[in-house]
Amino acid sequence: MVKLNVNGVEVGNDELVFLPERGILPETENTVTQMGERDGSIFLSSRLKERIIPIKFVVKTMNRRNFEISMSAILHSKEPVPLIFSDKPDEVWDGLVDGEIDLDRAFTIGKGTIKWLVPDGHSYSKTEKTATNNGAANTITFTNNGTDLTPVTVTAKMRSDNGFLGLALNGRAYQIGNPTEVDGTHYDKSETLIPGDPMPNPSTGELNKAGFEVIPPTQGMLRQGGSVKIDSRDGNLLSDGFGDTSYKGPHGPSITYTLPADSFGNKGSKNFEFRWHAGFGNFLNDYGKVGQLAATIHDKDGKAMCSIAYNDLTQQKTEFVVRYDINGKQYYENNIRELPDGFTGHAYVIKSGAQFTFCWNYLKPVTFICDELKNTEAYYVSFSFLQWQDVAVPPYFGIVNWNFRKNMTDLFLDTPNYFKKGDVVVLDSARNELTINGFADWDRVDIGSRPLLANVGDNTLGIVMSEWATTPEVTVNYRERWL
């Protein structure tokens with residue numbers, strides 16, 4: 001007797017018997033094309049289609065209600081879930097029921113068939129395997145005991161500054177960064193002062209800090225009031241009231257965080273990288289609601305050095321405006337009209353001496369020079385939630401995450417290396433996703449890069465980096481799979 005384990009629920013006993021027919025291979029689909037009037041066709045490609053596993057079942061002495069409860073664990077699914085057969089407990093089939101099953105008829109005649117659809121046609125090992133270089137070698141060898149190619153996840157932690165990372169496996173290559181980057185002028189190490197994992201709790205910041213320019217100074221001073229909170233559902237930082245709604249101007253809460261000292265005990269960051277993940281916006285045609293979400297970097301006196309703001313400050317239409325300010329002046333504004341429903345994603349500002357580089361998901365990086373702030377140091381980061389008078393604010397209004405890195409270099413004309421010591425790069429080949437320090441980043445992925453697949457049998461992953469860099473700690477994770 002074969003039992004089923006569907007998404008962690010075990011089904012099957014002496015009263016309900018399952019008889020799966022797994023076969024050997026899914027259906028093969030070949031593609032050909034005709035060439036003029038010549039006989040036959042030209043072969044183009046071949047692929048394995050999705051797989052259907054017929055699972056016959058026999059109902060013996062089980063009563064109807066117990067039968068329905070048992071079958072519901074199998075039938076109710078809106079997306080693929082893991083299925084394990086008890087005779088092969090180390091294999092997992094990710095799929096879901098396909099087609100209609102007449103439970104009334106099946107119970108009446110005492111038998112039926114379930115069609116289990118496996119979209120990618122494979123079963124996977126229940127246990128993930130791991131191989132590593134321990135930061136000591138430029139190759140990693142590992143064995144795939146499955147019967148087909150399998151995607152791998154590669155995690156690389158930088159042990160020094162580095163210009164690029166190249167990975168090669170079975171003729172497929174993946175390259176991130178700048179191969180031509182040189183070490184150049186020596187840089188003291190950089191440090192992540194606020195890691196962002198987890199996002200700092202509001203209790204570690206100061207609410208409505210007096211005298212701080214928490215919105216762009218050209219907008220005036222925010223009358224600070226109300227509070228902020230962490231959303232219990234998803235952990236986002238949200239406003240919790242906007243204070244005095246009778247005030248005929250901008251008002252609302254702010255939260256200000258003091259940047260900690262670096263490992264040398266020094267406070268202040270002349271050169272830095274600030275990144276945040278935030279969302280803001282009205283729903284389509286949801287006119288009349290206005291507001292602003294702003295992130296500001298402050299000097300030691302609370303003066304705004306630079307800021308990134310998202311806003312919709314008109315009641316006549318729904319819009320999404322991105323603006324960058326430096327030293328009390330607006331340097332850039334862009335109304336993203338193709339995003340009427342608002343936005344969620346990443347943005348950053350990098351200061352290197354007098355040079356400020358801003359970027360937001362859908363826009364290209366832009367760089368400005370502000371000589372007045374060349375030697376000014378950052379001491380605080382604030383976030384503000386603005387309401388205008390008593391007008392309703394947008395429904396989409398929060399911060400997902402943020403981090404702050406101190407770059408210890410005075411040479412702003414020399415671009416810092418693409419990777420810093422401690423950076424973590426993760427390539428998930430199954431999803432074709434690349435993240436750097438937890439953030440999606442495709443800016444410097446070579447156009448010829450392809451997800452990495454392990455061959456059946458022995459494999460060797462090659463690791464390449466800048467010639468002056470230290471070999472990173474690299475780990476390969478994979479699940480063997482079978483046809």
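For this structure, a couple of remarks:
- Qualifying strands (runs of 3 or more DSSP E) (wholly inside segment 48-154; at least 3 residues being open to solvent by 40 Å² or more (accessible area, probe 1.4 Å) and touching a Phe, Trp or Tyr at 6+ places or on another chain (Cβ under 9 Å)): 51-59
- Test: residue in segment 366-382 that is farther than 25 Å from residue 229 by Cβ, free of Cβ contacts under 8 Å to residues at least 24 places away in the same chain and either touching a helix residue (DSSP H, G or I) at 6+ places or on another chain (Cβ under 6 Å) or acidic (Asp, Glu) (or both): yes
- Of all the numbered requirements in (1) in a strand (DSSP E or B); (2) under 25 Å from residue 220 (Cα atoms), residue 345 misses one, and that requirement is (2).
- Within the option set 41, 46, being among the polar types (S, T, N, Q), touching a strand residue (DSSP E or B) at 6+ places or on another chain (Cβ under 9 Å) and within 21 Å of residue 149 (Cα to Cα) holds for one residue only, 46.
- Of the strands (runs of 3 or more DSSP E) lying entirely inside segment 362-455, those containing at least 3 residues that are closer than 20 Å to residue 297 by Cβ and open to solvent by less than 20 Å² (accessible area, probe 1.4 Å) span 380-388, 396-406.
- Residues of segment 1-33 satisfying the condition of being farther than 28 Å from residue 70 by Cα and either modelled with pLDDT of 85 or more or not in a loop (DSSP other than H, G, I, E, B) (or both): 28, 29, 30, 31, 32, 33
- First in segment 73-98 and touching a residue at least 12 places away in the same chain (Cβ under 8 Å), second anywhere and part of a helix (DSSP H, G or I), Cβ under 6 Å, 6 or more apart: 97/75
- Residues satisfying the stated conditions in segment 266-297, i.e. of a type outside the set (S, T, N, Q) and more than 28 Å from the chain's Cα centre (by Cα): 267, 268, 270, 286, 287, 288, 289, 290
- For segment 245-260, residues that are within 16 Å of residue 214 (Cβ to Cβ) and in a loop (DSSP other than H, G, I, E, B) total 4.
- Given (1) closer than 27 Å to residue 81 by Cα; (2) assigned to a strand (DSSP E or B), number of the condition residue 43 does not satisfy: (1)
- Residue within segment 194-207 that is open to solvent by 20 Å² or more (accessible area, probe 1.4 Å), within 28 Å of residue 350 (Cβ to Cβ) and of a type in the set (S, T, N, Q) present: yes
- Where a residue in segment 14-41 is of a type in the set (D, E, K, R) and its partner, wherever it lies, is open to solvent by 100 Å² or more (accessible area, probe 1.4 Å) and assigned to a strand (DSSP E or B), with Cβ under 6 Å and at least six apart: 29/47
- Output for segment 155-166, where each listed residue is assigned to a loop (DSSP other than H, G, I, E, B) and not aliphatic (A, V, I, L, M): 159, 160, 161, 163
- Whichever residue in segment 456-469 is open to solvent by 60 Å² or more (accessible area, probe 1.4 Å) and over 30 Å from residue 119 (Cα atoms) and, among such residues, is modelled with the highest pLDDT: 464
- Residues that are polar (S, T, N, Q), in contact with a Lys or Arg (Cβ under 6 Å, 6 or more places away or on another chain) and crowded, with 21+ Cβ neighbours inside 10 Å do occur in segment 277-286, at least one of them.
- On inspection, residue 315 does not qualify as more than 24 Å from residue 388 (Cβ to Cβ), at pLDDT below 95 and over 27 Å from the mean Cα position of the chain (by Cα).
- Residue within segment 213-232 that is over 26 Å from residue 423 (Cα atoms), assigned to a strand (DSSP E or B), touching a Leu at 6+ places or on another chain (Cβ under 7 Å) and hydrophobic (A, V, I, L, M, F, W, C) present: yes
- Single match in 222, 207 (criterion: modelled with pLDDT of 95 or more and closer than 30 Å to residue 246 by Cβ): 207
The values are calculated or read from the model by the stated rules, or taken from the named source; none is laboratory data. Remember, predicted model here, so these are calculated numbers, not experimental data. We place every Cβ from the backbone using ideal geometry, glycine too, and count neighbours over all the protein chains shown. These accessible areas exclude ligands, DNA and RNA; they are computed on the full protein's heavy atoms, side chains included. Shrake-Rupley method; radii C 1.70, N 1.55, O 1.52, S 1.80 Å.
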